[in-house]
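Let me begin by presenting the structure, written as C-alpha cells, before commenting on it.
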Amino acid sequence: MRPPVAAPGRPAARAGNPFLSQDPSLKARRLARALISDMVVYHPGKRKDGLRNGNLKELFDDEIKKSWEEYTEQVGKDVAESTTFFREALNEILADGQQVF
C-alpha cells in the first residue's frame, strides 16, 4: 500500500494517531488504563489471590492510592474527580471485569 500523495502545495493526509491526541479525556482514560495495567504486570500473584479471595481492594490499597495520586497529578484534580476512567480501569483490568471498585 502506498502512502497518500499530496496535491501540489498541500501536505499529504495522515491518519490520526490516537496516542498523540490532545483530547484530555482520551489522555486521562489511557493514563488510567496504563497505571492499572502496571499493577497487574508487577503483581500477578497478588491479583490472582485477590480475585480468588475477594479482597482486591485490601491487597492493592497502597498501589491504588499511589496510582490515584499519579493520575490526579497528571490529569488534574477536576478531570480525575469528574470522570470514571480510573474506577472503570480498576474494574475492567484489575478486577477482571467484576464491579469491585
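Read-outs throughout are calculated quantities, based only on the coordinates presented, and are distinct from any laboratory measurement. All figures in this text were calculated on a predicted structure; none of them were measured in a lab. Here the Cβ is made from the backbone with ideal geometry for all residues, glycine too, and neighbour counts use every protein chain on show.
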Discussion item. Could you work out how much longer the chain between residue 41 and residue 27 gets when fully extended? Use 0.36 nm per residue separation minus the Cα distance between them, nm to one decimal.
Written reply: 3.0 nm
Worksheet entry | For the range 66-75, Karplus couplings with θ = phi - 60° (6.51, -1.76, 1.60), whole Hz, Gly/Pro x | 5, 5, 4, 4, 4, 4, 4, 5, 7, 9
Response to the item:
In order over the range 31-45: 3J(HN,Hα) from phi, Karplus 6.51/-1.76/1.60, θ = phi - 60°, whole Hz, x for each Gly or Pro, gives 5, 4, 5, 5, 4, 6, 4, 4, 4, 5, 5, 7, 9, x, x
Item to complete: State whether the range 23-94 is rounded, prolate or oblate according to the following rule on the C-alpha gyration tensor (a ≥ b ≥ c being the square roots of its eigenvalues): a/c under 1.5 gives rounded; otherwise a/b larger than b/c gives prolate, and the remaining case gives oblate.
Response: prolate
Worksheet item: Ranked highest first by the average count of other Cβ atoms within 10 Å around their residues, in what order do 37-48, 87-98 fall?
Response: 87-98, 37-48
Practice prompt. Quote to one decimal, in nm, the extra length available between residue 66 and residue 88 on full extension: 0.36 nm per residue of separation minus the C-alpha distance between them.
Written response: 6.2 nm
